[in-house]
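Presented below is the structure to which this report refers.
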Amino acid sequence: MNQQTGKGSLCFSEAPFIIGTASVVGTKEGEGPHADEFDCIGEDDKFGQDTWEAAESSLQQEALTLALGKSGKKPEDIRYLFAGDLLGQLIASSFGLKSFQIPLFGLYGACSTCGEALSLSAMTVAAGYADYVAAVTSSHFASAEKQFRFPLEYANQRPVSATWTVTGGGAFVLAPAPENGKALAKVEGITTGKIVDYGVKDSMNMGAVMAPAACEVIAQNLEDFHRKPEDYDAIVTGDLGKVGQEILCDLLKKKGYDISEVHEDCGILIYDNEKQGTGSGGSGCGCAASMLSAHFLPRLAKGELKRILFVPTGALLSTVSFNEGESIPGIAHAVILTAPA
């Protein structure tokens, strides 16, 4: 069977399943509206470590350990590991996951990395290259701010368009079939995004940077699978926040798609913005990953949701490109998740 669908999608003839997942978040996320859904909330944002970077590595290690335990698997059962974060040379992933001794593909798609990791994991399992694969992504507010913007001690003011980098992460274990008859979700297909650059140069407005990329991949998915927005119970973006959500809906309306009734954004959901002062909402590799793990996968497993389109979004900038005056391109990856039965 030809699994290629349309111009940018795959529809898996032997769809893989997510059989285990875990979410680990920081203190601010643990004060948000979905606190009771996360597997682990850190007692402090350093997770017992000496540096912010080591804290993020510890966060990843805990998330994968929990996901393996919940899926009934050991590290030696996992053939490949797809992992990424926001830090230079992926140091949160490399230092956090090295002790597992699992063959690793390090990924960077900025805040879209969870979608990229799940896509590649699903492709690997569906093709028969591995029986069990794990995907892990994370972000940390302090390590990201330190790298991309200012030292925390600078205490600069943030515009209302800014999103708050989530301290959190998610881990997922994929298999070719439900384990002991149980699974959280089936990966029906994927749509891989392209780099989209609208010329935005404001690093404090990630929603405006990423919304065009989300628009393109969602429209491509609907076209490739011959679907309408209402064919999904939810179209879930990862990191747009309130500003990006408005832009996304406007852009898709111009293409003939109205997603306003089914759109949800992890960055909006994870915080109570008015009480917690997080500006436009949340972002970061850990935003979509932790909310998918804690909030959406359990609803799919229970059958409350039948089919969702999961669309993490990323801003492809660095301090070098930003300081050289370059614009900020965006990318998004879409993963179709359905109830397991």
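The values are calculated or read from the model by the stated rules, or taken from the named source; none is laboratory data. These numbers were taken from a predicted model, which means no experiment stands behind them. Cβ placement follows ideal geometry from the backbone for every residue including glycine, while neighbour counts extend to all protein chains displayed.
Would a scan of the stretch 2-16 turn up a residue that is surrounded by 22 or more Cβ atoms within 10 Å (Cβ to Cβ) and under 18 Å from Leu97 (Cβ atoms)? There is no residue in the stretch 2-16 that is surrounded by 22 or more Cβ atoms within 10 Å (Cβ to Cβ) and under 18 Å from Leu97 (Cβ atoms).
Listed residues Leu90, Leu97; which is surrounded by 21 or more Cβ atoms within 10 Å (Cβ to Cβ) and outside any loop (DSSP other than H, G, I, E, B)?
Working: Leu90 fails: surrounded by 21 or more Cβ atoms within 10 Å (Cβ to Cβ).
Going through Leu90, Leu97 in turn, just one is surrounded by 21 or more Cβ atoms within 10 Å (Cβ to Cβ) and outside any loop (DSSP other than H, G, I, E, B): Leu97.
Is it the case that Lys70 is out of contact with any His (no Cβ under 9 Å at 6 or more places or on another chain), more than 13 Å from Ser293 (Cα to Cα) and not assigned by TED's automatic domain parsing to the domain that holds Ala289? Spell out how you get there, then give the answer.
Values: out of contact with any His (no Cβ under 9 Å at 6 or more places or on another chain): yes; more than 13 Å from Ser293 (Cα to Cα): no; not assigned by TED's automatic domain parsing to the domain that holds Ala289: yes.
So Lys70 does not fit the description; no.
Restricting the stretch 13-25 to residues that are part of a loop (DSSP other than H, G, I, E, B) and in contact with a strand residue (DSSP E or B) (Cβ under 6 Å, 6 or more places away or on another chain), which is nearest to Ser139 (Cα to Cα)?
Pro16
Of all residues in the stretch 56-83, those satisfying the criterion of being part of a strand (DSSP E or B) and either in contact with a Leu (Cβ under 7 Å, 6 or more places away or on another chain) or of a type in the set (Lys, Arg) (or both) are Leu81, Phe82, Ala83. Scanning the stretch 174-212 for residues that are closer than 21 Å to Leu86 by Cα and assigned to a strand (DSSP E or B) yields a total of 1. Taken together, the residues in the stretch 217-265 that are surrounded by fewer than 22 Cβ atoms within 10 Å (Cβ to Cβ), polar (S, T, N, Q) and over 22 Å from Gly8 (Cα atoms) amount to 1. Would you confirm whether or not the stretch 213-235 contains a residue that is part of a helix (DSSP H, G or I) and at pLDDT below 95? Checking the stretch 213-235: not a single residue is part of a helix (DSSP H, G or I) and at pLDDT below 95. Against the list (1) touching a Phe, Trp or Tyr at 6+ places or on another chain (Cβ under 6 Å); (2) surrounded by 24 or more Cβ atoms within 10 Å (Cβ to Cβ), the condition Gly193 fails is (1).
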